[in-house]
Amino acid sequence: MNTFVWKRTRLVLFTALCVTSPWLMGCGHAKSGPTPTYVYVIDYSGSTAATRKQQLGLMFAELESAPEETNVVIYRMGSDTQEIFSGPLGDSGTDTLIGPLKRDVLTSDAVRGTNFAKMTTALVAFSKTFTGTSYKLRVLTDGGNDYLDAQSLKAYREGAITISRDKRMSSIIFYGVQPEFRQQIRTAFGSTGPKLQILSQDQIAGL
């Protein structure tokens, strides 16, 4: 076998092994990048009661294959926004989340109304103390904001801009938004750019 043919054969064999066994051949990275943190905001106002279980199903589906070291932060949103869970999935995986969800989310808020200003304020506070490299933000809501006074709207928009410009936030998805509220969210989070997705209830029904 001449030198050219041997070099070509060796290159083909090495390439094939890289495809089938990259870690064995040293042509891949043994470890992937840092696991992102998942941040969920769940609207537990009365208007979302009928679709909440379906939206929670999307959250569980997204986290089903996540490694046990994945950190998850969950907020419940209504007239106020409160953190109800923060920590790694651990050995139990998504089962770790069932207790907090049953206790705090599946029951609607006793105080009527949804305050988006409280949501963005909580998320800005989270971003200031977040020490990880990246996080994914998911908001499960119909999109209705009941606090439309000037002060609340100002806080909502300023908070949305701060979150949108956080380079560590790799994506934000709103699940279940009613058509009449899409533009309000898009305007508030407009500086997020292509990282922003707003999905209607019909769209998530097919997921």
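State whether one or more residues within region 157-169 are part of a strand (DSSP E or B), at pLDDT 95 or above, in contact with a helix residue (DSSP H, G or I) (Cβ under 9 Å, 6 or more places away or on another chain) and in the same structural domain as G46 (by TED's automatic domain parsing). Explain how you work it out, then say what you get.
Looking only at region 157-169, we keep the residues that are part of a strand (DSSP E or B), and these are 169.
Keeping just the survivors that are at pLDDT 95 or above gives 169.
Still in the running and in contact with a helix residue (DSSP H, G or I) (Cβ under 9 Å, 6 or more places away or on another chain): 169.
Filter once more, keeping what is in the same structural domain as G46 (by TED's automatic domain parsing): 169.
Checking region 157-169: at least one residue is part of a strand (DSSP E or B), at pLDDT 95 or above, in contact with a helix residue (DSSP H, G or I) (Cβ under 9 Å, 6 or more places away or on another chain) and in the same structural domain as G46 (by TED's automatic domain parsing).
Beta carbons closer than 9 Å, at least 6 apart along the sequence or on distinct chains, pair a first residue in region 175-198 that is more than 16 Å from R138 (Cβ to Cβ) with a second that is among the acidic types (D, E) and surrounded by 13 or more Cβ atoms within 10 Å (Cβ to Cβ) for Q178/D142; F181/D142. Scanning region 174-198 for residues that are assigned to a strand (DSSP E or B) and touching a helix residue (DSSP H, G or I) at 6+ places or on another chain (Cβ under 9 Å), we see that the one that is surrounded by the fewest Cβ atoms within 10 Å (Cβ to Cβ) is L196. Name the residues in region 131-141 that are surrounded by fewer than 18 Cβ atoms within 10 Å (Cβ to Cβ) and in contact (Cβ under 8 Å) with a residue 60 or more places away in the chain, would you? Residues satisfying the conditions are G132, T133, S134, K136.
The values are calculated or read from the model by the stated rules, or taken from the named source; none is laboratory data. Predicted, not measured: the structure shown is a model, and the values here were computed from it. All Cβ positions, glycine included, derive from the backbone under ideal geometry; neighbour counts span all protein chains shown.
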